[in-house]
1. Could we say that residue 155 is under 24 Å from the mean Cα position of the chain (by Cα), within 26 Å of residue 261 (Cβ to Cβ), in contact (Cβ under 8 Å) with a residue 24 or more places away in the chain and surrounded by fewer than 22 Cβ atoms within 10 Å (Cβ to Cβ) here?
2. Could you check the stretch 282-293 and list, in sequence order, the residues that are surrounded by fewer than 20 Cβ atoms within 10 Å (Cβ to Cβ), in a helix (DSSP H, G or I) and either among the small types (Gly, Ala, Ser) or in contact with a Phe, Trp or Tyr (Cβ under 6 Å, 6 or more places away or on another chain) (or both)?
3. Hey, any hits in the stretch 163-184 for a residue that's among the small types (Gly, Ala, Ser), more than 30 Å from residue 75 (Cβ to Cβ) and free of Cβ contacts under 8 Å to residues at least 24 places away in the same chain?
4. Scan the stretch 47-91 for residues that are of a type in the set (A, V, I, L, M) and closer than 19 Å to residue 111 by Cα and jot them down.
5. Can you name the residue in the stretch 322-334 that is loosely packed, with under 13 Cβ neighbours inside 10 Å and not acidic (Asp, Glu) and, of all such residues, is modelled with the highest pLDDT?
6. Mind telling me which of the residues 224, 214 ends up being out of contact with any Lys or Arg (no Cβ under 9 Å at 6 or more places or on another chain), more than 26 Å from residue 299 (Cβ to Cβ) and of a type in the set (Ser, Thr, Tyr)?
7. Which one is surrounded by the most Cβ atoms within 10 Å (Cβ to Cβ) among residues in the stretch 127-139 that are in contact with a helix residue (DSSP H, G or I) (Cβ under 9 Å, 6 or more places away or on another chain) and assigned to a helix (DSSP H, G or I)?
8. Here is a check on your reading of the model: is residue 233 closer than 28 Å to residue 174 by Cβ and either among the hydrophobic types (A, V, I, L, M, F, W, C) or free of Cβ contacts under 8 Å to residues at least 60 places away in the same chain (or both)?
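The values are calculated or read from the model by the stated rules, or taken from the named source; none is laboratory data. As the structure is a prediction and not an experimental result, all values here were calculated from the model. Cβ coordinates were reconstructed from backbone atoms using ideal geometry, including for glycine residues, and neighbour counts include every protein chain displayed.
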Amino acid sequence: MSANRWRHAMDTAGAGARVKPGISGRIAPQSGRGASHTRSPSTPDERSRLQRKCARYLAVLVILLAYPWLASDFFTFQIGAQSLVLGIIALSLTFLAGYGGMVSLSQMTIAGIAGYAVAIFGHSAVTQISLAWPWWLAALIAVILAVVAATLIGLISVRTDGIYTIMITLAIGVAMFYLTQQNYTIFNGFQGFSNLFPPEISGVNLKDPMPFYYLSLCIALVAYAAVKYLVRAPFGIALQGTRDNARRMRALGFNVAAHRIAAHAFAGLLAGIGGVLLVWYNGRISPGTIGTTALINVLIIAVIGGLRHPLGAFLGALVFILLQNFAIDLIDRERFNLVIGGAFLLILIFSPDGLLGLWRRVRGLLHPARKQ
């Protein structure tokens, strides 16, 4: 949401509502006029756009559900499931950067904390460290720890902007990498943990390609819907206001720091869930999982797809995984980072809004009447 659209939304809400200062930025309607004005499409063109949008969502959902039945196990697991898992982690960065204006390089670190928690509290090959608790309890603790870690990172970084936020979160990620690499008592050092597999529920082994794909798909859909809902809620509108003009939001009585910390906590929830799925996908976790390359890869995925829409995280993850798996057919494996870097630069040069931004520009040229 641009600054002009945000101001228009605030002005529209102000016609029949009052803004209560605080973390939620709740807009409490005093009359029904403002609420009814924005809840349902009032013109045939708006209804037609809504119908086309619903049709596109339905078509994509059908394709995603049918995909495992049409693809091989390799494409189902290695391409589909991995793209969804990395997309969930990148979605946490898309939410922070796209709607909060906070570029964080610690999202893979938070996912790694969740992954290590699954290994430490659950079952693994390192029996002298793992506590062998039930999988659901280990996963729950992992997500809670991820949220706590993200909140603490938010407390440290939200009072900075731009390059300073990037450097602080990068420093935290590098520190976590060296901690896991050098500590053998808790993190088992360089070797990490292996034999970390998803559970078997009601006779369904989630380690198999199709069940794991559908598990990842369900969680990805819920995460996507949660972000779409939250950015339209009063909290999301206020968060975008802090992104566009933090000084004005403070003057209106909003607690900017609290909004940003809450955004970090929600992004930590997404990254933590993605971290649990990632460790189940790989079957292991080690310091390399949360190394500097992994931290930057999440940023590359989010930027390639586009930071202005939650869908960009999954689109970027799909492109990244396809390049990762098939670029070696054209060049050496050691030069994969060169391919990713080149694709990243091309996207930034020709479409700063990522692939979704490029698609909007092409669609605007083909259908000028639909251009918004």
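1. Judged against the criteria, residue 155 is a match.
2. 288
3. yes
4. Once the filter is applied, which keeps residues that are of a type in the set (A, V, I, L, M) and closer than 19 Å to residue 111 by Cα, the stretch 47-91 yields 81, 84, 85, 86, 88, 89, 90, 91.
5. 322
6. 214
7. This residue is 139.
8. Considered against the rule, which asks whether it is closer than 28 Å to residue 174 by Cβ and either among the hydrophobic types (A, V, I, L, M, F, W, C) or free of Cβ contacts under 8 Å to residues at least 60 places away in the same chain (or both), residue 233 comes out as no.
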